[in-house]
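Engineer: First the structure, which I've put down as structure tokens, then a few questions once you've had a look.
Every number here is computed from the coordinates shown, using simple stated rules; none is lab data. Everything numeric here is computed off the predicted structure, so don't read it as measured data. Please note: Cβ atoms are built from the backbone with ideal geometry, for glycine as well, and neighbour counts cover all protein chains shown.
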Amino acid sequence: MNRQLFIPLLVFVALCVLLYQGLSMDPRLLPSELVDEPVPAFSLPALDGGATLGAENLKGKPRLLNVWATWCPSCYTEHPYLLTLAKEQGVSIVGLNYKDEPAKARDYLARLGNPYETVISDEPGRLGIDLGVYGAPETFVIDAKGVVRFRFVGVIDERSWNKELKPVLDRLQAEQD
Amino acid sequence: MIPELGHFALITAFVVASFQALIPLWGAQTGQNRLMAVARPAAFLQFALLSLAFACLTQAFVVNDFTVAYVAQNSNSLLPLRYRISAVWGAHEGSLLLWALTLAGWTAAVALFSRRLPREMVARVLGVMGVIAVGFLSFLLFTSNPFRRLLPDFPLDGGDLNPLLQDFGLIVHPPLLYMGYVGFSVAFAFAIAALLAGRLDSAWARWSRPWTTVAWCFLTVGIALGSWWAYYELGWGGWWFWDPVENASFMPWLVGTGLIHSLAVSEKRGVFKSWTVLLAIAAFSLSLLGTFLVRSGVLTSVHAFASDPVRGLFILGFLGVIVGGSLLIYALRAGGVRSEGSFELLSRETGLLLNNVILAVCALVILLGTLLPLLSDAFGWGKLSVGPPYFNTVFPALMVPLFFLMGAGAWLRWKRHGLAEWFRRARFSLALCLVLALGLTLWLGKKPMAVFGVSFLALWILAGVWIDLGDKLKHALSWTAGLRRLSRSQWGMLLAHAGIAVCALGAVFTTVLSEEHDLRLTPGQSVAVADYRLAFSGLKEVDGPNYQAMRGEFQVYEGEALLTTLYPEKRAYTVNRTSMTEAAIKPGLLHDLYVSLGEPLDGGAWAVRVYYKPLVRWIWLGALLMALGGALAVSDPRYRLARQQAKASLGKGVEAA
């Protein structure tokens with residue numbers, strides 16, 4: 001038997017193991033490089049077509065920066081809870097519409113309701129890459145100076161909000177007051 | 001009722017495919033004619049059933065049956081009929097159905113045109129194709145059923161087709177591409193059948209050659225069409241973006257190109273057999289991997305993959321069975337293969353092998369670039385994704401030696417050759433190409449490195465074509481008699497190689513010499529672009545069937561002469577509230593003028609983008625030449641003769657040429 005003929009098979013098996021890992025791993029466990037760093041500089045249009053937004057638009061008060069897209073099924077799951085947060089608890093959320101078609105995104109907000117103060121339209125995905133975004137949804141907690149203080153990957157629901165995100169935001173609120 | 005009929009046809013096709021997969025393979029292994037005879041009728045029946053299923057889904061689109069979930073998501077009553085039909089393959093479920101139908105079509109074609117092949121071979125080939133069909137049909141039935149109903153609460157109207165897909169290019173692009181992808185399954189099935197039979201002689205290479213070439217032609221045209229569509233429809237003048245979807249079609253093309261050449265060498269000279277089989281497996285495996293990577297959404301978002309673990313796991317399992325299984329058979333069976341020919345280090349065989357390796361490395365490099373986000377995530381390196389910069393550095397670096405060898409091959413003989421002799425024969429052409437390329441570079445005076453490099457390589461390839469032609473005519477009585485004596489497959493090869501040169505010239509010249517202008521224009525203003533003057537004379541509102549549009553009017557002048565008027569549009573689609581840019585193009589063999597209307601600005605002005613794109617048409621022209629070359633080669637009567645002789649020469653290892 002010729003051993004080197006098995007090389008393609010071994011390469012393929014290795015590839016399958018990798019793909020399987022990609023399938024089963026929990027991306028939530030990975031920290032962001034950016035925690036305690038300021039939001040990288042950017043200049044991107046607002047989704048509603050108005051002004052150009054930059055990192056300075058994220059300063060002033062603590063808030064959430066929520067990465068979302070219409071191609072992301074989990075975002076539809078997360079959306080109603082974001083609405084609750086914005087409307088009932090007065091949480092300030094800025095949206096980052098990531099690698100999406102702006103028109104589709106506008107339609108999404110028109111149909112499902114808009115929890116965002118403003119939405120940054122990152123069609124080429126550059127800010128997403130600078131932020132180290134893996135996919136959507138992802139949420140960053142940003143303090144009043146525009147520094148990233150916490151990163152949360154995955155769907156925000158009542159449990160994860162109360163356990164992980166709310167304490168951070170409350171602490172930042174207290175720091176400011 | 002009709003969607004249920006379609007669903008039923010799909011289930012029946014699945015059952016038939018299972019029979020087609022198991023019984024003939026078992027029959028071939030145990031030598032039972034009755035079992036092997038199941039293959040052909042099963043292939044035809046499967047094709048008929050899938051055609052019925054496809055017709056049922058099409059009917060649901062035509063009559064706007066919004067109780068079917070897939071129709072409700074991807075169509076709308078305002079959508080024109082031709083787009084309602086093309087919407088059938090506009091999204092995940094329907095395009096999988098088209099994939100399955102195409103596979104069944106290829107299977108039926110093999111069943112129809114294989115009358116002269118040995119019984120065992122036909123049974124094995126159709127059986128292997130049946131295995132693939134079982135995988136696809138179960139994926140359709142268990143995870144992505146296109147006939148799922150939305151009852152009792154169905155929408156009154158549908159969500160409309162993505163406006164990007166409402167275009168002629170996208171009506172024909174996916175079917176052509178799938179014909180190519182799936183066509184490689186034939187070469188794959190022949191390779192596996194030959195391995196199973198333990199007969200890797202020249203005969204299998206000869207049988208799979210025409211099939212592979214046809215599939216390659218479809219893929220070539222499909223990719224070119226996709227690139228052309230991206231160019232005129234996306235509105236920013238690009239023609240290749242290295243995005244995962246494009247890479248998914250380009251990788252099988254590269255390996256398929258290698259396969260065509262390797263098959264030719266295997267058939268004619270009896271060498272590279274093991275390598276050829278591996279390429280046949282790789283070409284189809286990459287088609288599969290590509291289809292699934294694109295379809296599963298794994299590369300758009302890691303999360304989307306994880307969010308539907310059933311589909312993801314199914315995909316992985318299927319890939320594991322088909323690719324892993326075939327590589328295992330390869331590892332166990334290819335060991336006994338002996339080359340019948342021999343060749344020395346410097347010979348046409350080595351040249352072809354080198355080019356083959358470069359093409360395979362190229363596909364591998366693109367695969368790595370495409371999968372890197374996934375790999376880095378699995379290893380926890382953080383988000384690493386490589387964009388066009390990576391591909392634009394690595395790809396041309398690999399193309400330079402490839403193109404050089406392509407040209408150099410013309411002066412290389414089969415079996416052996418001396419370096420000094422090669423140089424003596426090629427030096428005049430080499431010098432001429434260098435001088436001409438230098439002249440062109442000096443004359444243009446822009447981007448000397450890229451212009452010199454590509455024009456030298458393109459001229460070098462063309463010189464190779466010319467020398468090859470000369471060699472073939474050497475012994476003819478006269479030029480015209482020689483030309484007439486040239487076989488169609490020789491014409492095909494020359495044409496395809498010329499196509500590569502044309503394509504390379506177009507690609508590089510467009511990339512380095514294009515002009516781009518982002519302008520702010522109010523009606524009445526004019527701008528100068530290259531040798532033209534462009535006058536923005538006004539805007540008008542127009543209504544389409546399912547959109548409203550603002551249509552700009554631009555007069556193009558050269559000097560004082562009015563050449564043409566361009567009408568770029570900005571469309572707003574009513575139902576899904578999407579806006580789209582329809583660029584207007586003044587096409588030309590030497591350059592395009594491309595105008596695209598952006599957003600309205602204040603003061604009645606509009607953002608307007610104008611591109612001047614030299615030689616951009618050559619990219620697609622080159623691809624068409626390649627496909628035409630392939631078509632000519634397939635139409636060579638030699639193949640029909642070959643089929644008649646195939647039976648007689650089976651197992652002897654034909655030394656043709």
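Engineer: Taking R0 as 60 Å, what FRET efficiency do you get between A:Lys87 and B:Asn33 from their Cβ-Cβ distance, rounded to the nearest 0.05?
Structural biologist: 0.20
Engineer: Also, quick follow-up: Say each of B:Arg82 and B:Thr67 gets a label point 7 Å from the Cα, pointing the same way as Cα to Cβ; how far apart are those two points in nm?
Structural biologist: Label-label distance for B:Arg82 and B:Thr67, simple model: 3.2 nm.
Engineer: Also, I was wondering about something else. Could you line up A:Arg106, B:Arg116 from fewest to most neighbouring Cβ atoms inside 10 Å?
Structural biologist: B:Arg116, A:Arg106
Engineer: Among A:Tyr116, A:Phe12, A:Ala144, pick out the residue whose Cα is farthest towards the positive end of the charge dipole of chain A, where Lys and Arg carry +1 and Asp and Glu carry -1 on C-beta, about the Cα centre.
Structural biologist: Value: A:Phe12.
Engineer: Assuming R0 = 35 Å, can you tell me the calculated FRET efficiency for the pair B:Ser478 and B:Glu560, based on Cβ-Cβ distance, to the nearest 0.05? Walk me through the intermediate numbers first.
Structural biologist: Numbers: r = 51 Å, r/R0 = 1.45.
Given R0 = 35 Å and the Cβ-Cβ separation, E is 0.10.
Engineer: So in the protein assembly as shown, what percent of DSSP beta bridges are antiparallel if you round to the nearest 5?
Structural biologist: DSSP beta bridges in the protein assembly as shown are roughly 85 percent antiparallel.
Engineer: When averaged across all projection directions, what area in nm² does the alpha-carbon convex hull of the range B:47-139 cover? Kindly include the intermediate steps, with their values, before the conclusion.
Structural biologist: On the way: hull surface 25.6 nm².
Reported value for the Cα convex hull: 6.4 nm².
Engineer: Follow-up. Over its Cα atoms, what ratio of radius of gyration to 2.2 N^0.38 Å does the range B:110-209 give?
Structural biologist: So the Cα radius of gyration is 1.55 times the expected 2.2 N^0.38 Å.
Engineer: Also: I'd like the orientation of helix A:7-24 relative to chain A: the angle between its Cα long axis and the longest Cα principal axis, in ° from 0 to 90, rounded to 10.
Structural biologist: Orientation of helix A:7-24: about 30 degrees from the principal axis.
Engineer: Based on alpha-carbon centroids, what's the gap between the range B:397-443 and the range B:548-622 in Å, whole number please?
Structural biologist: Computed from Cα coordinates, the inter-centre distance equals 41 Å.
Engineer: Loop only per DSSP, at most 12 neighbouring Cβ atoms within 10 Å: give me the trypsin sites (Lys or Arg not before Pro) in the range B:452-493, ordered by residue number.
Structural biologist: B:Lys474
Engineer: Then there's this: Taking a ≥ b ≥ c as the square roots of the eigenvalues of the Cα gyration tensor of the range A:31-176, is the shape rounded (a/c under 1.5), prolate (a/b larger than b/c) or oblate?
Structural biologist: It comes out rounded by the Cα gyration axes.
Engineer: Apply the Karplus parameterisation 6.51 cos²θ - 1.76 cosθ + 1.60, with θ equal to phi minus 60°, to every residue of the range B:525-531 and state each ³J(HN,Hα) to the nearest whole Hz, in sequence, with x for glycine and proline.
Structural biologist: So the J values, rounded to whole Hz, are 7, 10, 9, 9, 10, 6, 8.
Engineer: Tally Lys and Arg at +1 and Asp and Glu at -1 over the other residues with C-beta under 15 Å from the C-beta of B:Leu534: what net charge comes out?
Structural biologist: Counting the neighbours of B:Leu534, the net charge comes to -3.
Engineer: Quickly estimate the mean residue ellipticity at 222 nm for the protein assembly as shown, helices only: each DSSP H run with n ≥ 4 gives -39500 (n - 2.57), and the total goes over all residues, rounded to 500.
Structural biologist: -19500 deg cm²/dmol
Engineer: Rounded if a/c is under 1.5, else prolate if a/b beats b/c, else oblate: with a ≥ b ≥ c from the C-alpha gyration tensor eigenvalues square-rooted, which is the range B:515-617?
Structural biologist: Because a/c hits 1.5 or more and a/b exceeds b/c, the range B:515-617 counts as prolate.
Engineer: Let me ask you something else. Take the residue pairs A:Lys87/B:Lys570; A:Lys104/B:Lys540; A:Lys59/B:Lys540; A:Lys87/A:Lys163; A:Lys61/A:Lys163; B:Lys474/B:Lys613 and return only those whose Cα atoms are more than 31 Å apart.
Structural biologist: In this structure, A:Lys87/B:Lys570; A:Lys59/B:Lys540; B:Lys474/B:Lys613 lie more than 31 Å apart at Cα.
Engineer: I need to check one value: relative contact order of chain A, counting alpha carbon pairs closer than 8 Å and at least 6 residues apart, in percent.
Structural biologist: 29 percent
Engineer: Can you run phi through the Karplus equation (6.51, -1.76, 1.60; θ = phi - 60°) for the range B:583-595 and list ³J(HN,Hα) in whole Hz, with x for Gly and Pro?
Structural biologist: 6, 10, 10, 9, x, x, 5, 8, 6, 10, 10, 10, 10
Engineer: Related question: Do me a favour and compute the ellipsoid semi-axes for the range B:1-161 from its Cα gyration tensor, root of five times each eigenvalue, largest one first, whole Å.
Structural biologist: 35, 14, 11
Engineer: For B:Arg149, what residues show an amide H to amide H distance below 5 Å, using hydrogens built from the backbone and excluding near sequence neighbours?
Structural biologist: Amide H neighbours of B:Arg149, under 5 Å, 5+ apart: B:Ala69.
Engineer: Quick one: check the C-alpha center-to-center distance for the range B:94-167 versus the range B:449-482, whole angstrom.
Structural biologist: What the calculation gives is 44 Å, centre to centre.
Engineer: So, one more: When B:His92, B:His475, B:His517 are ordered from fewest to most other Cβ atoms inside 10 Å of their Cβ, what list results?
Structural biologist: Least crowded to most crowded, the residues run B:His475, B:His517, B:His92.
Engineer: With a cut-off of 8 Å between alpha carbons and a minimum separation of six or more residues, what is the relative contact order of chain B in percent?
Structural biologist: The normalised contact order for chain B reaches 13 percent.
Engineer: At a 10 Å Cβ-Cβ cut-off, how would you order B:Glu120, B:Glu599, fewest neighbours first?
Structural biologist: B:Glu599, B:Glu120
Engineer: Just to be sure I understand the model, the point goes 7 Å from the Cα along the line to the Cβ. What's the resulting B:Thr574 to A:Glu123 distance in nm?
Structural biologist: The modelled label-to-label distance comes out at 2.5 nm.
Engineer: Answer rounded, prolate or oblate for chain B, using the Cα gyration tensor with square roots of eigenvalues a ≥ b ≥ c: rounded when a/c is under 1.5, else prolate when a/b is larger than b/c, else oblate.
Structural biologist: oblate
Engineer: Give the distance, in whole Å, between the Cα centre of the range A:100-168 and the Cα centre of the range A:32-90.
Structural biologist: Taking the Cα centre of each part, the range A:100-168 and the range A:32-90 sit 4 Å apart.
Engineer: Right, something else. Return a whole-number percent for the relative contact order of the range B:515-617, with Cα pairs under 8 Å and 6 or more residues apart as the contact set.
Structural biologist: Relative CO of the range B:515-617 lands at 25 percent.
Engineer: A further question follows. Give me the base-10 log of I(q)/I(0) for the protein assembly as shown at each q in 0.06, 0.07, 0.11 Å⁻¹, Debye formula, one uniform scatterer per Cα, rounded to two decimals.
Structural biologist: Each listed q maps to, in turn, -0.45, -0.61, -1.42.
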